[in-house]
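Have a look at the structure below, then the notes.
Just so it is clear, none of the values below were taken in a lab; they were calculated from the coordinates. If you're wondering where the values come from, they're calculated on a predicted model, not measured in any experiment. All Cβ positions, even for glycine, are placed from backbone atoms using ideal geometry, and neighbour counts span all protein chains on display.
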Amino acid sequence: MTETALTPRAEAKRLQLRTAAQRLFQDRGFSGTSTDAIASAAGVSKETLYRHYRTKEDLLSDVLQHFFADAILPTLIDRLSLQDDLHVTLSGLARSALGYMMTPDYLALLRVILTEAPHQPGVAVLFQTTVPMQAISIIKGILGAAHGRGLIPAVDFDAAARLFVGWMLSFAILDGLFVVDGPPRIPSEAQQEAIVSLFVKAVS
């Protein structure tokens, strides 16, 4: 659902619902969370919930969209107009993305998606289109802009963007989701720089 032309009151209600839904999705899973529970946790009527979100899927989509848009999208967009240095551009992007992907809230939602995807295909599609595919699209734009400036030759921008997203997902999974004896282990700046350097060499 689009959020254009929302009144402050409507935006506040959506924030209430989104915050309550995110907490319940993380605690109970998508299937285990009812719209009644969301409305109750948000302190609104069920009619109010349905006035803002037609379905529970719409609400999950909004939760995921705001996770992406609030935490990382502005930084990614800014990177499109950064100086003509692809390494600097991608290094900044990786730092922002990993800082977002390794948060407990993001990892908790990712666990919910992975657990429920086999039984709720729509949940997996919502996540795929809202988070990773948007990131891939933006990285393709960065690489296309770099090519337009003569910084890199013509390459398969989709394949390259998936490669870049892939290494970050590997840390989110192996050093985030699968860490059970402490907090997520964000890769060091040196690790990140080494991977970005290898990537830039590969596409140059």
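Run the numbers on the chain and let me know its relative contact order in percent, using alpha-carbon pairs under 8 Å that are six or more apart. Don't skip to the end; give the middle numbers.
On the way: 161 pairs, mean separation 44.0, N = 204.
The normalised contact order for the chain reaches 22 percent.
Please state the relative contact order of the range 142-204 as a whole percent: Cα pairs under 8 Å, 6+ residues apart? Please report the intermediate quantities before stating the final value.
On the way: 26 pairs, mean separation 21.7, N = 63.
That works out to 34 percent.
R0 = 41 Å: FRET efficiency of residue 47 with residue 158, Cβ-based, nearest 0.05?
Values: r = 44 Å, r/R0 = 1.07.
Efficiency computed from Cβ-Cβ geometry: 0.40.
Using +1 on the beta carbon of Lys and Arg, -1 on that of Asp and Glu, and nothing else charged, what's the dipole of the chain about the Cα centre, debye to 20? Don't jump to the answer; show the numbers that get you there.
Values: 18 positive and 20 negative charges, 75 e Å.
I would put it at about 360 debye.
Of the options 117, 168, 145, report the single residue whose Cα projects farthest towards the positive end of the charge dipole of the chain (beta-carbon charges: Lys, Arg +1; Asp, Glu -1).
Towards the positive end, the residue furthest out is 117.
Starting from the Cα-Cα distance between residue 137 and residue 149, subtract it from 0.36 nm times their residue separation and give me the gain in nm to one decimal.
Values: separation 12, 0.36 × 12 = 4.32 nm, distance 1.86 nm.
Stretched out fully, the residue 137 to residue 149 stretch lengthens by 2.5 nm.
Roughly how many nanometres apart are two label points built 7 Å out from the Cα toward the Cβ at residue 175 and residue 31?
Label at residue 175, label at residue 31, 3.3 nm between them.
Calculate, in nm to one decimal, what residue 119 and residue 19 gain on full extension: separation in residues at 0.36 nm each, minus their alpha carbon distance.
On the way: separation 100, 0.36 × 100 = 36.00 nm, distance 2.45 nm.
Gain on stretching residue 119 to residue 19: 33.6 nm.
Towards the positive end of the charge dipole of the chain, with charges on Cβ (+1 Lys, Arg; -1 Asp, Glu), say which of 195, 183, 86 has the farthest Cα.
Of 195, 183, 86, it is 183.
Hey, what number do you get for the chain at 222 nm if only DSSP H runs of n ≥ 4 count, each worth -39500 (n - 2.57), divided across all residues, to the nearest 500?
-23000 deg cm²/dmol
What number in nm² do you get for the chain if you take the convex hull of its Cα atoms and divide its surface by four?
On the way: hull surface 50.6 nm².
If you wrap the Cα atoms of the chain in a convex hull and average its projections, you get 12.6 nm².
Counting only pairs 8 or more residues apart or on different chains, how many lysine pairs in the chain have their Cα atoms under 23 Å apart? If you can, show how the numbers build up before the last one.
Numbers: 13/46; 13/56; 46/56; 140/201.
Step by step, the pairs that qualify in the chain add up to 4.
Give the residue from 133, 53, 100 lying farthest towards the positive end of the charge dipole for the chain; charges sit on Cβ (+1 for Lys and Arg, -1 for Asp and Glu) and the dipole is referred to the Cα centre.
So the residue furthest toward the plus end is 53.
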